[in-house]
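The block underneath contains the structure these notes are about, expressed in structure tokens.
The values are calculated or read from the model by the stated rules, or taken from the named source; none is laboratory data. Small disclaimer: the values here were computed from a predicted structure and weren't measured. FYI the Cβ positions are ideal-geometry reconstructions off the backbone, even for glycines, and counts take in every protein chain you see. Please note that ligands, DNA and RNA were not included when accessible areas were found on the heavy atoms of the full protein model with its side chains. Shrake-Rupley method; radii C 1.70, N 1.55, O 1.52, S 1.80 Å.
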Amino acid sequence: MEYINFLNCKFYFEIFTTLINYPTLLVLITFVWIIIFLFISNHGSKTTKPSKLPPGPSPYSIIGNILNLGLYRNPLHSLTLLSKTYGPIITLKIGSITTIVISSPQIAKEALCTKDKVFCNRVIPDTMRALEHDKASIAWMPASSSKWRSFRRACATRVFSPQQLDSTRFHRQRKVQDLLDYVNECCKKDSDKCQSHHNKHIKEIICGIVEEMARPNVSDIFPFLRVFDIQGARASMTNHYAKLFAFFDGVIEGRMLLRTSDSSKKFNDVLDSLIDLIEEGSSQLSRHDIIHLFGDMFIGGLDTTSTILEWAMAELLHNPTKLVRVREELQHKLVNFGQIVEESHASSKFPYLCAVLKETLRLHPPAPFLLPHKSNDDIELAGFMIPKGAQVGVNVWSIGRDSSIWTNPDLFEPERFLECDIDFKGKGGFELIPFGAGRRICPGLPLASRFMHFILASLLHHFDWKLPDDDLNQQDMNMDHKFEFTLCKAQSLRVIPIKV
């Protein structure tokens, strides 16, 4: 459930472009506010500003280093080039916000683990303040709060514990079978345009939220402008959240009524487990909190999971020898398992499949920057001083393509992970941390690890895949990416399934 708001591929030119569409008076007021704010900040904070910041390009007045991010078509490439020029930790001014960008696994470990007590809080995007979601969100609330610890405990014991995941395995297997049935129907139709309309309403709401998250917001660059909500981003997000939370509230109400009318009716799923937690009375979490928790899980899990699987399938089709090898592994190992893919097999019995997903996440992390951390105090990091209040981002995309860390970093070579013990939690090094690290590591990692492997193994075992006839060949596939809420393919993958 990782995304970042302060470095966006739409480029920050769009922020200022949007101002043109508003009345001239509002534009004038905005820039007067900016000038006043900059005057006050420049004359009021010089004596307390720590020295020896990490190096970086000189900022322009008002806009800071926004132009440095827009010099190239892709800001990920821009930041990677900046890190090669200034080093693995750099300072940028994004509007009025001091931003520290880390592109080194060693420095990332120092910030996220060794000194995570200082860097454990968040810089909160203005849209996350809609309906006060930031105050009831495991992703955004302060990690020092008792409420946050209650959320983490609930996730660790009631949602993502090995026992809970084992007990709810049937539900996920049933949903994967639904997916396989759907793909099988697409085979019969011999079409790559087969679409599902299941739960269309909730998908539209979440898509609206994701699109709003991806939009650059002037309030995040100049926080003193939040009161105006100039782009209407917070108002739009309030509307989306209201619909989403009303949906979850209805689901919870329906389950609670069912439990009241028939006390023996238990589904033994996550919803039942969290309702049990609410009714125990000893927990700090309320029904309101659980609604927001479901919001985090759906928003953080749906788009990222689909993006990872699309990239994995694209890379395998782009590298047909790798596709043959992973399918041969599945066919060989499944002889011993009755030809059925089980969730318990997928992440432990298929080493090459696991290597494929690790390599996919190295090249295409769904969130190329971890959620923005915030420095709670002035602190030294990698020999530099990080000022209190600075936002700190880890560029996992750049780390994954660093030639000093990886051999042939731009090539898809799952074999590299067959020879090392690197995992997603930082074991073996911080070269692969697409889910974050430290106390802010994604709480859904245990489920994501199981489910990604299970879905990919099922799709590859039951179906062969080919590109549409109008594509030239595998090597000519468009493998460019675009940076929105997640790092998705610039051109959506279109494939034709073939039943085996």
Charge tally in the Cβ shell below 11 Å around residue 116, where Lys, Arg are +1 and Asp, Glu are -1, residue 116 excluded: +4
Helix 270-280 axis, angle to the chain major axis (alpha carbon atoms, nearest 10°): 60
Accessible area of the stretch 325-369 divided out per residue, in Å², using a probe of 1.4 angstrom: 36
The stretch 320-379-the stretch 406-439 distance, computed between alpha-carbon centres (Å): 11
Calculated FRET efficiency for the pair residue 411/residue 62, C-beta based, R₀ 45 Å, to 0.05: 0.60
Under 17 Å from the residue 466 label point (7 Å along Cα→beta-carbon), backbone N, the stretch 311-330: 317-321, 323-324
Stokes-Einstein D for the stretch 317-423, Kirkwood Rh over Cα pairs, 10 °C, 1.306 mPa s (µm²/s): 95
Fraction of accessible area attributable to carbon and sulfur, the stretch 415-499 (%, probe 1.4 Å): 47
Solvent exposure of the stretch 135-280 as accessible area per residue, Å², 1.4 Å probe: 51
Nearest-ten-degree value, helix 351-363 long axis tilted from longest Cα axis of the chain: 20
Anisotropy class of the stretch 64-122 from Cα gyration tensor, a/c 1.5 cut: oblate
Rounded to the nearest 20 debye, dipole of the chain from Cβ charges on Lys, Arg, Asp, Glu: 1020
Solvent-accessible area, 1.4 Å probe, carbon plus sulfur percent, for the stretch 156-315: 55
Reported label for calculated Cα extents along the principal axes in Å given (1) 69, 63, 46; (2) 73, 59, 46; (3) 72, 67, 42: (2)
Virtual paramagnetic centre 7 Å along Cα→Cβ of residue 152, amide N under 17 Å, in the stretch 87-114: 109-114
Segment residue 423-residue 500, extension gain: residue separation times 0.36 nm, minus the distance between their alpha carbons: 24.5 nm
Fraction of accessible area attributable to carbon and sulfur, the stretch 66-145 (%, probe 1.4 Å): 56
Cα→Cβ-extended label distance, 7 Å offset, between residue 181 and residue 491, nm: 3.5
